[in-house]
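The values are calculated or read from the model by the stated rules, or taken from the named source; none is laboratory data. Given the structure is predicted, the values throughout are model-derived calculations rather than measurements. Every residue, glycine as well, gets a Cβ built from its backbone with ideal geometry; the counts of neighbours run over all protein chains shown.
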Amino acid sequence: MASVLLTGGRVIDPASGTDKVADIAIRDGCIAAIGKNLSRSGVDRVITATDQVIAPGLIDPHVHLREPGGEHKETLATGSAAAVAGGFTTVCCMPNTTPALDSPELVEFIASRAAKTASCRVFTVAAATKGRKGEEPAEIELLARAGSVGFSDDGDGIASAGVMSRVLSMVGLTGRAFMQHCQEPTLTRGAAMHAGDVSLRLGLGGWPRVAEEVMIERDIRLNRGIGCRYHVQHISSAGSVEIVRRARAEGQPVTAEAAPHHLLLTHEACDHYNTMAKVNPPLREAVDVEAVRQGVADGTITVLATDHAPHCADEKALPFEEAPFGLIGLETALPLYTEALIETGLISWPRLIALLTVEPAKLCGLDVLGLGSIRVGGPADLTVIDPAVDWTIRAEDLKGRSRNTPFLGRKVRGRAVAVFINGRQVLGFTPRSDGLTDHP
């Protein structure tokens, strides 16, 4: 394996508190040295990273790769290619596949398949209930032993309080986190978007904030005597942010994540029956966007995740009520987070990097593997970011299989320009006048 020296970059490693201009030497898949003016003797390649950020490889704990059963939308191969293009070295795939990832054999299948076809590291978040039906806990201990890094019935919340209590107890014993899709189903039947003036104008069923908030409240109360690590996925409501803030202040083991679209868009993006903006949970109002941003700024929300949810063009072309929920996010997340959080002055680059590296690594127990940090002797998973490069999100440049995003045509700033996984460079970009061109 070629040895590489990255020179003159701003090395940001929130796990160690590092934020300095330095060189990083990569050898035999590991970080060999970190410091200024490192020797070039014996180095196969020198890459200048002046004015660029060198971060731990970005980690997304919430993606949908659709395999098995939905390969027409995405696969481990295409989804991981999209991840690398967006600067991610590790992703955790959700279990709402066909069949659901609810058995040790299926968790092992994903690991085996990813080893053969994926461009980045892929871990599995297993189903918490059998078939994701919310009726009976899955074989949680066996799933953990098989390699599941967390548990969720994502796509659906666990409606039964009794089943939820059992799941929290069982997941708690494994030390893994339970990741809840917070949606009380009896409050969202027939709903297609946020309950507000836009849904009224369009004549669409409304999805109230309380459908999210009441499940979070219930789960936190159920978990008080259990102490399972409880994680709120894709938080969207101002009320939900306040519930999580209060629980964390009380010392409850509660974390939450935010997605790019909930940091930038409101329900007005659904106007004219724009199915590209139909997501679950739905885009809400400006007050909710601001609350989610403030939740990130004050530490209530500790993780950023894309909820990458690919769908085919013909599915998104259906009438709004019939079109599936979800948008893609892996390739566009970094500049969108930058726009929502850094350009607004809410957080700094070190905090953004923490939300994308060490925090999701802790959530999924990947920090014990050395992921989410930069340290001598650790795996050389690195993302090099050019914060100043301007580019336009275009369908023809996307590496994933699907194109369902309302951000097409948006001019953004900041992009991953190089990615290393286990010391191997899997992404490199050269600037050009109309954007970036990639090369191996």
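Structure values in brief
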item	result
Residue selected from the stretch 118-138 under the condition touching a helix residue (DSSP H, G or I) at 6+ places or on another chain (Cβ under 8 Å) and surrounded by fewer than 16 Cβ atoms within 10 Å (Cβ to Cβ), by the criterion nearest to D367 (Cα to Cα)	E136
Selection within the stretch 135-155 - of a type outside the set (A, V, I, L, M, F, W, C) and in contact with a Ser or Thr (Cβ under 9 Å, 6 or more places away or on another chain)	E135, E136, P137, E139, E141, R145, G147, S148, G150, D153
Every residue from the stretch 192-210 that is of a type in the set (G, A, S) and in contact (Cβ under 8 Å) with a residue 60 or more places away in the chain	A192, G196, S199, G205
Among (1) among the charged types (D, E, K, R); (2) more than 15 Å from H62 (Cα to Cα); (3) touching a strand residue (DSSP E or B) at 6+ places or on another chain (Cβ under 9 Å), the one test that E315 misses	(3)
From the options V171, V122, V107, residue that is assigned by TED's automatic domain parsing to the domain that holds A211, within 24 Å of K399 (Cβ to Cβ) and not in a loop (DSSP other than H, G, I, E, B)	V122
Among (1) within 19 Å of the chain's Cα centre (by Cα); (2) surrounded by fewer than 24 Cβ atoms within 10 Å (Cβ to Cβ) - the single one H272 does not satisfy	(1)
Every residue from the stretch 111-137 that is among the polar types (S, T, N, Q) and in contact with a strand residue (DSSP E or B) (Cβ under 7 Å, 6 or more places away or on another chain)	S119, T124, T129
Scan of the stretch 243-302 for residues that are farther than 23 Å from L187 by Cα and among the acidic types (D, E), ordered by number	E250, E290, D298
Residues located in the stretch 292-333, provided they are closer than 26 Å to V417 by Cα and assigned to a loop (DSSP other than H, G, I, E, B)	T302, A305, T306, D307, A309, P310, L327, I328, G329, L330, E331, T332
Residue check, I374 at pLDDT 95 or above, hydrophobic (A, V, I, L, M, F, W, C), in a strand (DSSP E or B) and over 30 Å from L202 (Cα atoms)	no
Sole residue being crowded, with 24+ Cβ neighbours inside 10 Å, touching a residue at least 40 places away in the same chain (Cβ under 8 Å), out of contact with any helix residue (DSSP H, G or I) (no Cβ under 8 Å at 6 or more places or on another chain) and of a type outside the set (S, T, Y), chosen from P281, P360	P360
Count of residues meeting criterion [within 24 Å of D51 (Cβ to Cβ) and under 19 Å from the mean Cα position of the chain (by Cα)] in the stretch 373-398	7
Test: G172 is out of contact with any strand residue (DSSP E or B) (no Cβ under 9 Å at 6 or more places or on another chain) and either without any contact (Cβ under 8 Å) to a residue 40 or more places away in the chain or not polar (S, T, N, Q) (or both)	no
Selected residue [under 14 Å from A309 (Cβ atoms) and surrounded by fewer than 24 Cβ atoms within 10 Å (Cβ to Cβ)] from G70, G79	G70
In the stretch 376-409, the residues that are among the acidic types (D, E) and either touching a Leu at 6+ places or on another chain (Cβ under 7 Å) or free of Cβ contacts under 8 Å to residues at least 12 places away in the same chain (or both)	D381, E396
Output for the stretch 1-57, where each listed residue is out of contact with any helix residue (DSSP H, G or I) (no Cβ under 8 Å at 6 or more places or on another chain), outside any strand (DSSP E or B) and aliphatic (A, V, I, L, M)	M1, A2, L38, V43, A49
Hey, S348 at pLDDT 95 or above, assigned by TED's automatic domain parsing to the domain that holds N274 and among the polar types (S, T, N, Q) or not	yes
Residue ID - farthest from the chain's Cα centre (by Cα), chosen from residues in the stretch 174-205 that are within 23 Å of H64 (Cβ to Cβ) and either among the aliphatic types (A, V, I, L, M) or not assigned by TED's automatic domain parsing to the domain that holds T266 (or both)	A191
Complete set of residues in the stretch 387-402 that are crowded, with 20+ Cβ neighbours inside 10 Å and assigned to a strand (DSSP E or B)	W391
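Matching residues to (1) within 17 Å of the chain's Cα centre (by Cα); (2) not in a loop (DSSP other than H, G, I, E, B):
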position: P68; (1), (2): no, no
position: T78; (1), (2): yes, yes
position: T90; (1), (2): yes, yes
position: L101; (1), (2): no, no
position: R145; (1), (2): no, yes
